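Undergrad: For reference, the structure I am asking about is given below.
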Amino acid sequence: QVQLVESGGGLVEPGGSLRLSCVVSGFTLDEHAIGWFRQAPGKEREGVGCISASDGSIYYRDFVKGRFTISKDNAKNTLILEMNSLKPEDTAVYYCGADLRSIYCSAYPRTFNSWGQGTQVTVSS
């Protein structure tokens, strides 16, 4: 019933921009904590940012502050990630994930229990 589907990944040059979307079905965006994550080859999955369903607060990791923006398209029940000033180290598979058991954002990806299939982002010249 619950499904998260990411899209929008691709190849972009350093300094470029990309917009990712996560279409959510099975629940509305204001019901649970939901966020963006990424996993580079050989590395653990890490959080990018998260929106709390308690008050709508958005939390970002330091390495993306000022470059990435998370937002919601409520009409389409879609979570958005706008990425600017992309760097090669941003290369990863990007996932959206939700914690169906909480309205609060967890600092640990393992807490999240509903995941999309991921979309590849490659930053290279």
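Undergrad: Please report how many Lys pairs in the chain have alpha carbons closer than 25 angstrom, counting only residues at least 8 apart along the chain or sitting on separate chains. Please report the intermediate quantities before stating the final value.
TA: On the way: LYS43/LYS65; LYS43/LYS87; LYS65/LYS87; LYS72/LYS87.
Close lysine pairs under the 25 Å cut-off: 4.
Undergrad: Any idea of the accessible area per residue across region 1-97, 1.4 Å probe, to the nearest Å²?
TA: On a per-residue basis, 49 Å².
Undergrad: Within the chain, which is the longest segment that contains none of the GluC sites (Glu not before Pro) sitting in a DSSP loop with at most 15 other Cβ atoms within 10 Å?
TA: For GluC sites (Glu not before Pro) (loop position, at most 15 other Cβ atoms within 10 Å), the longest site-free span of the chain is 45-125.
Undergrad: Would you please put 22-28, 62-68 in order of how densely packed they are, using the mean number of other Cβ atoms within 10 angstrom per residue and starting with the highest?
TA: Going from most to least packed, we get 22-28, 62-68.
Undergrad: Additional query: Using only the alpha carbons of the chain, what is the convex hull's orientation-averaged projected area in square nanometres? Display every interim value, and only then the final one.
TA: Values: hull surface 27.8 nm².
For the chain, averaging the hull's shadow over all directions gives 6.9 nm².
Undergrad: Return the carbon/sulfur percentage of the accessible area of the chain, one whole number, probe 1.4 Å, all protein chains in place.
TA: 47
Undergrad: Quick one: net charge of VAL24's neighbours, Cβ under 12 Å, K/R +1, D/E -1?
TA: After counting each charged neighbour, the total is -2.
Undergrad: Turning to a different aspect of this structure: Find which of THR69, GLY10, THR28 sits farthest along the positive direction of the dipole of region 1-84, computed with +1 on the beta-carbon of Lys and Arg, -1 on that of Asp and Glu, about the Cα centre.
TA: Checked the options; the winner is GLY10.
Undergrad: Let me know the whole percent of all Cα-Cα pairs from region 42-87 that are separated by more than 15 Å. The partial results should precede the final answer.
TA: Values: 530 of 1035 pairs.
Every Cα pair in region 42-87 considered, those over 15 Å come to 51 percent.
Undergrad: When only Cα pairs under 8 Å and 6 or more residues apart are kept, what is the percent relative contact order across the chain?
TA: 37
The values are calculated or read from the model by the stated rules, or taken from the named source; none is laboratory data. Note that the structure is predicted; figures quoted are calculated from it, not measured. So basically every Cβ, Gly included, is an ideal-geometry build from the backbone, and we count neighbours across all protein chains shown. Note: areas computed on protein heavy atoms with side chains; ligands, DNA, RNA excluded. Shrake-Rupley method; radii C 1.70, N 1.55, O 1.52, S 1.80 Å.
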